[in-house]
Amino acid sequence: MKIIGEKINGTLKLVRKAVEEKDEAFIQDLAKQQADAGAYWLDVNAGTLPEHEPDDLVWLVRTVQEVVDLPLCLDSANVEALKAAVKAVKKTPLINSISGESGRLEGVLPLVKDHDCEVIALAMDGNGIPADVESRLAVVKSLIAETRNAGISDDRIYIDPLVTALATGIQSGQVAFKTMEATRLEFPDVHFTMGLSNISFGLPERKVVNKTFLALAIAAGLDAPILDPLDRDLMEILLTSEMVLGNDNYCLNYIKAFREGKIGNKTDSK
C-alpha cells in the first residue's frame, strides 16, 4: 500500500494562502506531518492561476524537499507547470495525470516517458466521466495502448476509476469497484488509485461514508489511495483492511502502528 498524502493542495484555503504568501514553515510542517504518518508520496498542487502556477509549483517542490526525503506526486492540469516541476524534483515523481481528454495525453505523456515517471491515468475522456463500467474500461484500454506505445510498462500506471457522489448516483461505488475488477482482468500489472471524498459529497457524516468506502476499495484492489494520512480513523481502516486481506505479513505493519500509538486509543499502546 502506497499512500499519496493529499494535504498540500492549493484548493484548500490555508494551503492557497501559504502558497500566495510563500509561507515555507506552514508547507513544511504539513510535509513533515504526512511523512511521519506514513505517506509514500506527497501530492503537491499549487492550484494558482495558469501564469503563476509553474513558479508556484516549483516553489512547493523545493520547499517540501528541504524537509522530507519522499518522492512527490506532481498534481496539475497545467502541462507547463509539470514541465517546470519535474526538473526540480530530487526523486522520480508520480505525475497526476493523463486522461482521454483532447490535448492532455499529448501534453503529459512525453513528459512521463522522458523522465521515466509513474503516472496516474484517469478513466475519463473529452465527454467527461463515463457512466458505466464498459465505457470507463474502453477509456482505460485506449490509455494503456498509448502508454505501451510510449514504452511505459503497465506496472508504472495508476488507474483512477473515478468515483462520483452516491447522493447523485447510488451505484457510484459499484461502478468504481467493477471498473477496477474489469481493468485488472485485462491489465493485471497496473495499480489503482483514487480520492475518497467524492463518494460522500452531499451526505451527512461524510467521514463515516469515506471510511466504509476505503475498506471496500482496498478489498477491490486499491493500492495507492489519495487521502489524509493525518486522519487517524482512515489510517486505522487502511491498516486493518490490509491485515484482514492477508497483505500484512505476520501483522507487522498493524502491530508497529499500534506500538507507535498511531492506531487504537492513544493510551492503549503504553
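Sorting check: for 124-131, 42-49, 28-35, which peptide has the highest mean count of neighbouring beta carbons within 10 Å, and how do the rest follow? Could you put the intermediate results ahead of the total?
Values: 124-131: 15.0, 42-49: 22.8, 28-35: 18.8.
Per-residue Cβ counts within 10 Å, averaged per peptide and sorted highest first, yield 42-49, 28-35, 124-131.
I'd like the Karplus ³J(HN,Hα) series for segment 133-145: coefficients 6.51, -1.76, 1.60, θ = phi - 60°, whole numbers in Hz, and an x wherever there's a Gly or Pro.
4, 4, 6, 5, 5, 4, 5, 4, 4, 5, 5, 5, 4
Could you give me the ³J(HN,Hα) list for segment 209-216, computed from phi with Karplus coefficients 6.51, -1.76, 1.60 and θ = phi - 60°, whole Hz, x at Gly and Pro?
Once rounded to whole Hz, the list reads 5, 4, 5, 5, 4, 4, 4, 5.
Be a star and scan segment 214-230 for residues whose amide nitrogen sits under 19 Å from the point 7 Å along the Cα-to-Cβ vector of residue 174.
So the set is 214-221.
Taking the Cβ-Cβ separation of residue 203 and residue 17 as r and a Förster radius of 35 Å, what is the calculated FRET efficiency to the nearest 0.05?
E between residue 203 and residue 17, to the nearest 0.05, is 0.80.
Treating the beta-carbon of each Lys and Arg as +1 and of each Asp and Glu as -1, no other charges, what is the dipole magnitude of the chain about its Cα centre, to the nearest 20 debye?
Charge dipole of the chain: 560 debye, to the nearest 20.
Which entry in [x] 20.3; [y] 22.5; [z] 19.1 is this structure's computed Kirkwood radius over Cα pairs in Å?
Answer by label: [z].
For residue 245 and residue 79 in the same chain, what is the full-extension length gain: residue separation times 0.36 nm, less their Cα-Cα distance, in nm?
Stretched fully, the residue 245-residue 79 segment lengthens by 55.9 nm.
Between residue 141 and residue 116, how many nm apart are label points set 7 Å from Cα along the C-beta direction?
3.3 nm
Give me the extension gain from residue 165 to residue 40: residue separation times 0.36 nm, minus the current Cα-Cα distance, reported in nm with one decimal.
Full extension from residue 165 to residue 40 adds 42.3 nm.
Just want the answer: with Cβ charges of +1 for Lys and Arg and -1 for Asp and Glu, which residue in 239, 112, 70 is farthest toward the dipole's positive end in the chain?
The residue sitting most towards the positive pole is 239.
So between residue 149 and residue 88, what do we pick up on full extension, going 0.36 nm a residue minus the alpha carbon distance?
Answer, rounded to one decimal: 19.3 nm.
Coordinate-derived values only; no laboratory data. Note that the coordinates shown come from a computational prediction; the quantities given were computed from them, not determined experimentally. Note that each Cβ is placed from the backbone with ideal geometry, even for glycine, and that neighbours are counted across all protein chains shown.
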